[in-house]
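Data first, discussion second: the structure below is written as structure tokens.
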Amino acid sequence: MWKSVHTGRVWKYGNDVNTDVIYPGKYTYSDLSPEEMAEHALEDLDPEFASNVQPGDIIVAGTNFGCGSSREQAVTCLKYAGVGVLIAKSFARIYFRNAINQGLPIVQCAAVEGVESGEEVAVDFSTGKVMTPRGDYSFPPLSSFVTGILEDGGLIPHVRRKLGIE
Amino acid sequence: MGQTFAQKMLAQKAGLREVEPGQIVTVRPDKLLTHDNTAAIAKIFREIGVEKVARPEISVIVLDHVVPAATEGHARNHQQIREFVREQGIASFYDVGEGICHQVLPEKGHALPGYLIVGSDSHTPTHGAFGAFAAGIGRTEAAAVMATGEIWLMVPHTFRMSVKGQLQKGVYAKDIILYIIGELGADGADYRAVEFTGPVLGEMTIASRMVLCNMVAEMGAKIGVAEPDDKTRAWLNGRSDAGFQEVFADPDASYERAIEYDVSGLVPQVAKPHTVDNVVPVTEVLGTRIDQAFIGTCTNGRLEDFRVAAQILGGGKIAPTTRLLILPASREVLLAAVVEGIITELITAGAVVLNPGCGPCLGAHQGVMAPGEVTISTANRNFKGRMGCKEAQVYLASPATVAASALAGEIVDPREFL
């Protein structure tokens, strides 16, 4: 859920982490439960992740995170695994949209240069800063339109609110 | 100041006079494309709590990803989609066997110049080959389009890519786009629109323009577009009763980058495992042993692709150590290939012909690989695990390179086979 300061333990990855290694295509057209989806999260990149991730953990990566397929499970499997914030130098376009639409806070900055896996970082959305053990990294604020979706908890609650559905 | 294609399209669809890159607009798309993921989208749609799809006339649903159903689970998924289609009165539904959504939409007259198309598939930019603004979206936002008939889009910056020169024999649109992706990188055009132009585009077939636009997704682009011309109009003739208005960038539009490519000296290109931007000239991977060769998909599963394959394979036999899979992009393509005798030639040469659909490309069924195996494919992705096994390797190339490699049992230069 949306909160203005988020602190969590880091899982650090490199550049071009694609949607196939986040959530393999062979599961894409099977209707898995959130728990089952979480068990396959990052399966082909980091077999340690799914069994060790804790609620609120933060993924910190390099450029072009989430490139490849439009599959939304590449976002939801991380959300169901408990990931609180995604930080990368840059995100692939559809992945960026999917994360916002799922209400998973997403931050573009170079924090990957200041942190190692297992360390803690704090993300302050009000000031636009990620604080790492080796320095602070600023990120541009999201547009008010996008923040509106995140504050509503994702696109579905956002649309429900807009359509006046309780 | 002039406007790019993307600016003009999004301004028009948002009902604004002009828009700037970075601006977020709410637009009403002309078409919403969904496929086997429609069942999941319908589930989200129901969660929103709306009874009826807001604009069923824009919805086009094509079953293509795992067809015919590989498992009971996939069959149930298809069943749920058919029920949703009936319940919502969606007229444009194409069941198992019609083909891949990115081929079926244009064939059935749903991809027209000046259309704004959003699709819950990352290769939706393919439809830019017809002068449409066509972007991939996620499942939840597809459900929101069903509920509201609209979507938010950010106005992208634009790269203008001008392609000139004379393509050598054995070099194709696939080689051009692999080369460009290799140069720019997997995120080289992230969130950008790509306008293709130049004399080579004018000379290209519609099928080849679709190859370019299809693969802009592999450098992160939001859309790719080719300007409509007489070829576009001839191709679309008789496919739709709907009128359309062609949209062109202004001559004085402002581009983030303008890049010129002279393709005269270009040689066949290959993307090595496990990223699409890991591109080298074919000469650097000659002799790489292959177990499987695969010609088809939304990138290269069209008549011209099978023609060149038959030209290379006709009268010959594939290597005894190699399997060759042929996957036409649609029923229309398959029928045309049958009528031309191409399918007979390919089967005689040792090919396995699969039904139209996405097939082995995404690793869910048909031609899944074993650990240590190598496939050379005409598809658009070679990610680790893409074809169902993370210990397998996928090389990407043109249909000519793949066909010639199937004959040899190893990666070869197709120019020696033409």
Would you confirm whether any residue within the range B:15-29 is touching a residue at least 40 places away in the same chain (Cβ under 8 Å), more than 14 Å from chain A (Cβ to nearest Cβ) and not aliphatic (A, V, I, L, M)?
-> yes
Does B:D64 meet the test of being at pLDDT 95 or above, surrounded by 24 or more Cβ atoms within 10 Å (Cβ to Cβ) and assigned by TED's automatic domain parsing to the domain that holds B:N237?
-> yes
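Taking the conditions exactly as written (away from every other protein chain (no Cβ under 14 Å), under 30 Å from A:N18 (Cα atoms) and touching a strand residue (DSSP E or B) at 6+ places or on another chain (Cβ under 8 Å)), does B:P251 satisfy them or not? Even if it seems obvious, please write down each step before you answer.
Details: away from every other protein chain (no Cβ under 14 Å): yes; under 30 Å from A:N18 (Cα atoms): no; touching a strand residue (DSSP E or B) at 6+ places or on another chain (Cβ under 8 Å): yes.
So B:P251 does not fit the description; no.
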For A:G128, work out the one condition from (1) surrounded by 14 or more Cβ atoms within 10 Å (Cβ to Cβ); (2) touching a residue at least 40 places away in the same chain (Cβ under 8 Å); (3) more than 14 Å from A:V60 (Cα to Cα); (4) away from chain B (no Cβ under 14 Å) it doesn't fulfil.
-> (2)
Condition set within 24 Å of B:K222 (Cα to Cα), small (G, A, S) and touching a strand residue (DSSP E or B) at 6+ places or on another chain (Cβ under 6 Å), scope the range A:57-89, selection nearest to the other protein chains (Cβ to nearest Cβ): answer is A:S70
Would you kindly identify the strands (runs of 3 or more DSSP E) lying entirely within the range B:89-142 that contain at least 1 residues that are open to solvent by less than 10 Å² (accessible area, probe 1.4 Å) and of a type in the set (G, A, S)?
-> B:116-119, B:133-136
Counting only residues in the range A:15-41 that are away from chain B (no Cβ under 12 Å) and in a loop (DSSP other than H, G, I, E, B), the one surrounded by the most Cβ atoms within 10 Å (Cβ to Cβ) is identified as A:A41
So which residues in the range B:280-306 are over 19 Å from the mean Cα position of the chain (by Cα) and either in a helix (DSSP H, G or I) or within 14 Å of chain A (Cβ to nearest Cβ) (or both), if there are any at all?
-> B:V282, B:T283, B:E284
Output the residue which, of all residues in the range A:149-159 that are more than 8 Å from chain B (Cβ to nearest Cβ) and open to solvent by less than 20 Å² (accessible area, probe 1.4 Å), is nearest to A:P105 (Cα to Cα).
-> A:L150
Residue match in the range B:18-25 (condition: farther than 20 Å from B:G149 by Cβ, assigned to a strand (DSSP E or B) and more than 24 Å from the chain's Cα centre (by Cα)) = no
Within the range A:54-88, count every residue that is part of a loop (DSSP other than H, G, I, E, B) and closer than 24 Å to B:R386 by Cβ.
-> 11
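The values are calculated or read from the model by the stated rules, or taken from the named source; none is laboratory data. Please read these numbers as outputs of a predicted model, since none were measured by experiment. So basically every Cβ, Gly included, is an ideal-geometry build from the backbone, and we count neighbours across all protein chains shown. Only protein heavy atoms, including side chains, enter the accessible area calculation; ligands, DNA and RNA are left aside. Shrake-Rupley method; radii C 1.70, N 1.55, O 1.52, S 1.80 Å.
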